[in-house]
Amino acid sequence: NAGVTQTPKFRILKIGQSMTLQCTQDMNHNYMYWYRQDPGMGLKLIYYSVGAGITDKGEVPNGYNVSRSTTEDFPLRLELAAPSQTSVYFCASSYSERGSSPLHFGNGTRLTVT
Amino acid sequence: AQKVTQAQTEISVVEKEDVTLDCVYETRDTTYYLFWYKQPPSGELVFLIRRNSFDEQNEISGRYSWNFQKSTSSFNFTITASQVVDSAVYFCALSGGRGTDKLIFGTGTRLQVFP
């Protein structure tokens with residue numbers, strides 16, 4: 001099993017550009033998440049999904065969009081990139097509700113917006 | 001509101017020393033879950049342990065041990081006889097028992113183990 005796969009690993013964007021961070025998992029997990037990690041700040045939840053067709057906002061959703069058309073895929077869209085979105089982005093999945101189930105993380109995408 | 005505090009930003013030790021990483025949490029829930037994750041220099045996040053609020057038994061796994069004390073709202077992590085491969089950022093995290101609860105992360109403790 002590949003687990004959670006994120007692409008790309010690195011990306012540099014110019015201000016105002018858009019891009020999609022891809023995330024796919026092969027564990028048949030219903031729950032998927034997007035986090036961002038800023039230096040010294042831990043991880044903040046951007047969006048999450050409890051199943052195909054269902055998404056909801058996390059702590060820091062502004063500037064991002066998501067979709068969940070299949071169980072496997074959970075892409076994160078940045079429409080108008082801003083320097084404040086420079087961060088490392090992690091996709092994760094879990095078998096059950098977040099309370100009790102550990103998260104399986106992808107290897108992250110390092111995004112720089114200049 | 002839920003909160004996780006990892007007061008130690010960075011710890012440096014020499015190999016074979018024991019080291020304890022502190023985690024203090026705040027929650028009003030009676031059912032909750034605590035986690036530790038490891039982030040090595042390669043960047044991935046690795047799940048280490050989960051503990052629920054009804055289980056205060058300490059856990060030992062090889063050189064790793066965890067001390068959960070509800071009385072002090074702490075879930076500390078001890079590495080015995082540290083090794084260079086233990087160098088990483090360690091995150092403590094908290095989640096409530098409901099399916100809609102967020103997983104809240106602490107800001108992490110960077111552990112550097114020198115040979």
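The values are calculated or read from the model by the stated rules, or taken from the named source; none is laboratory data. Because the structure is a prediction, the values reported are computed rather than measured. In this analysis, Cβ positions are derived from the backbone assuming ideal geometry, glycine residues included, and neighbour counts consider all displayed protein chains.
Would you please name the residue that is surrounded by the most Cβ atoms within 10 Å (Cβ to Cβ), looking only at residues in the stretch B:44-66 that are part of a strand (DSSP E or B) and basic (K, R)?
Applying the filter and picking the extreme gives B:R51.
Hey, among B:S82, B:S61, which residue is modelled with pLDDT of 95 or more and more than 12 Å from chain A (Cβ to nearest Cβ)?
Checking each option against the conditions leaves just B:S82.
For the stretch A:27-37, how many residues are loosely packed, with under 13 Cβ neighbours inside 10 Å and either under 18 Å from A:L78 (Cα atoms) or modelled with pLDDT of 95 or more (or both)?
Total meeting the criteria: 0.
Of the numbered conditions (1) more than 15 Å from the chain's Cα centre (by Cα); (2) within 14 Å of chain A (Cβ to nearest Cβ), B:K3 satisfies every one except a single condition; which is it?
Among (1) more than 15 Å from the chain's Cα centre (by Cα); (2) within 14 Å of chain A (Cβ to nearest Cβ), B:K3 violates only (1).
Hey, does the stretch A:67-75 have a residue that's more than 16 Å from B:S95 (Cα to Cα), in contact with a strand residue (DSSP E or B) (Cβ under 6 Å, 6 or more places away or on another chain) and modelled with pLDDT under 95? Before the answer, list the steps.
Applying the first criterion (more than 16 Å from B:S95 (Cα to Cα)) to the stretch A:67-75 yields A:67-75.
Adding the requirement that they be in contact with a strand residue (DSSP E or B) (Cβ under 6 Å, 6 or more places away or on another chain) leaves A:68, A:72-75.
Still in the list and also modelled with pLDDT under 95: none.
There is no residue in the stretch A:67-75 that is more than 16 Å from B:S95 (Cα to Cα), in contact with a strand residue (DSSP E or B) (Cβ under 6 Å, 6 or more places away or on another chain) and modelled with pLDDT under 95.
Need the failing condition index for A:G53 against (1) farther than 29 Å from B:P41 by Cα; (2) crowded, with 16+ Cβ neighbours inside 10 Å, just the number.
Only one criterion is unmet by A:G53, namely (2).
Please enumerate the residues belonging to the stretch B:9-41 that are polar (S, T, N, Q), part of a loop (DSSP other than H, G, I, E, B) and buried (at least 16 other Cβ atoms within 10 Å of the Cβ).
Listed by number, the list holds a single entry, B:T27.
Condition first: outside any loop (DSSP other than H, G, I, E, B), surrounded by 20 or more Cβ atoms within 10 Å (Cβ to Cβ) and within 14 Å of chain B (Cβ to nearest Cβ). Now tell me which residues in the stretch A:63-103 satisfy that.
Of everything in the stretch A:63-103, those that are outside any loop (DSSP other than H, G, I, E, B), surrounded by 20 or more Cβ atoms within 10 Å (Cβ to Cβ) and within 14 Å of chain B (Cβ to nearest Cβ) turn out to be A:S87, A:Y89, A:F90, A:C91, A:A92, A:S93, A:S94.
Here's a check for you: in the stretch B:58-84, which residue that is in contact (Cβ under 8 Å) with a residue 24 or more places away in the chain and over 13 Å from the mean Cα position of the chain (by Cα) is farthest from B:P41 (Cα to Cα)?
Checking each candidate, the answer is B:T72.
Quick check, is A:G108 surrounded by fewer than 18 Cβ atoms within 10 Å (Cβ to Cβ), at positive phi and touching a residue at least 12 places away in the same chain (Cβ under 8 Å)?
no
So which of A:G16, A:G40 ends up being surrounded by fewer than 20 Cβ atoms within 10 Å (Cβ to Cβ) and modelled with pLDDT under 95?
One residue alone meets the criteria, A:G40.
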